[in-house]
Amino acid sequence: MARPSPTDAVTHRHPPACTVSTSSDIGPRSMSFNSLPWHTPSTCQTTTQAMTSTVPAKRQFKIMRHLRYTCFTVYRRLFSIVFLANVIATVLVFIKYGYRNVPSSIVTTAASGNFFVAVLVRQDFFVNMLYSTSWLVPRTAPLRLRRLVAKVYENGGVHSGAAVAGTMWFIVLNIMITGGLVRGEAFSSTALFCSTWALQVTLLVILFCSHPYIRARTHNTFEYTHRLGGWLAIVLFWVESLMIIATKCKALGVTIASVLVQHPAFWLLTATTVLLILPWLRLRHWEFTPEKLSSHAMRLHYTQNLKRFSCLFISDSPLLQWHPFATFPARDREPGGSMVISDAGDWTHNLILNPAKKYWVKGLPTYGTLSMACIFQRVILVTTGSGIGPSLGYLLDRPEGQFCRLIWSTRTPVHTYGAALNDWIHEIEPNALVLDTNKTGRPDLVQLAYQMYMLYKAEAVFVLSNETVTRKVVYGMESRGIPAYGPIWDS
């Protein structure tokens, strides 16, 4: 049987301005772009020159590229800044007081302060504040500034850096308490020793399961230890802090209340506890109307009105698992909206097979990576599979006057996601490039993204796909000096 022409798998609602020839070198499953139709912004000559241009070589030496774009991402730079600042603080404290004379109050305050920051950075309202503030940067601002601001979604480096640093301070505290117990010091006791080490083990288990390698292979374990272990850690932290303060109050002959109000760790622990409780005060049971698109995809409709670029976390067992999905508004300004869910794991597989009418929703809907595209004048969106959900949401709510082009690579788009959704995509983005990989094979998205970037003189490329494709395309763009952004899986 003859291989179908690549043009048979490209969905376009307007006739092509011209036909160009390109090539792909991704491998035996890659598609050949011998006759892709391209909509031209100006002339056929311009289009042909842009689309036949080869992807240039990567900049810098390989080791430098690896260090800059893989080892020292913005996320890891933020992690390093937070952690190194704590290491310096630890050294300065030891120099000032000496190893055996460091006040336990300083160590507990440092630990609780770091955990407060770690929890704060993950709060819905704080995340939304970061994004909302970043959106204020005008599209007329220097591109260098906007390139930097758009990396705001990598703020998780602060979360992980503070959490690891807080655990480091606890190791210091445990060594002090253990040494004091061995030396028979008054402030140390067997009960304090046990509670402190129980907390230390809990923190270490949380950190171990949070490592990207472990998290990717046992995601459910990560969620359970992060949530349930985090609650247990706060309880043990309260027990330990109160025991330390009670021991000192007994030695000084003063009341616990008089010491608590003067202890920074008490207020930091109180604030952290409030932050952990806050999202649960907004726990709601929403009604959804499931629409089965195919055996691989489901669309959930809801009637509540959400802000633009919102991401909704839903669950059928709120104490255990939460799953985020990008939302997009309903058609014709009707109330509510919907989200597309594809089969990407056990939970989503069960949802598609047996959708429920109600799911739990917690906290505030949050903004995501793609929302930062609004600070650029001209952008290219590259997505695969159910990444069309957030892409559709962005196209519907993008800033007025912004130029945006969509590349959507997926298997049998009409069969998998329905004719209605496909028609809607072409209605709001008539020149979207939709590639049916069932007929063409997997496209070289790095090459496609580069050529579209050059063709339309874009300012940035945004990628929404699985981890492998996202990392590959973002790296392929950044290593050639092109601003590129996509979700990260480090935190």
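General remarks:
- Near pairs, Cβ below 6 angstrom, 6+ apart or cross-chain, from segment 386-404 (in contact (Cβ under 8 Å) with a residue 40 or more places away in the chain) to any residue that is among the basic types (Lys, Arg): Asp397/Arg308; Phe403/Arg378
- If the condition is being of a type in the set (Lys, Arg) and surrounded by 15 or more Cβ atoms within 10 Å (Cβ to Cβ), then segment 268-306 contributes only Arg299.
- Residue in segment 126-139 that is within 19 Å of His211 (Cα to Cα) and of a type outside the set (Lys, Arg) present: no
- Some residue of segment 102-121 being polar (S, T, N, Q) and over 19 Å from Phe266 (Cα atoms): no
- Residue list for segment 425-482, filter: on the phi > 0 side of the Ramachandran plot and either buried (at least 24 other Cβ atoms within 10 Å of the Cβ) or touching a strand residue (DSSP E or B) at 6+ places or on another chain (Cβ under 7 Å) (or both): Gly441, Lys457
- For segment 118-150, residues that are touching a residue at least 12 places away in the same chain (Cβ under 8 Å), surrounded by fewer than 19 Cβ atoms within 10 Å (Cβ to Cβ) and assigned to a helix (DSSP H, G or I) total 9.
- Residue selected from segment 220-255 under the condition assigned to a helix (DSSP H, G or I), among the polar types (S, T, N, Q) and surrounded by fewer than 16 Cβ atoms within 10 Å (Cβ to Cβ), by the criterion modelled with the highest pLDDT: Thr221
- Tally, over segment 256-284, of residues that are touching a Ser or Thr at 6+ places or on another chain (Cβ under 9 Å) and either within 30 Å of Asp316 (Cβ to Cβ) or in a loop (DSSP other than H, G, I, E, B) (or both): 2
- Residue list for segment 424-455, filter: in a loop (DSSP other than H, G, I, E, B) and either in contact with a Pro (Cβ under 6 Å, 6 or more places away or on another chain) or among the acidic types (Asp, Glu) (or both): Glu429, Asp444
The values are calculated or read from the model by the stated rules, or taken from the named source; none is laboratory data. All of these numbers come straight from a predicted model, not from anything done at the bench. FYI the Cβ positions are ideal-geometry reconstructions off the backbone, even for glycines, and counts take in every protein chain you see.
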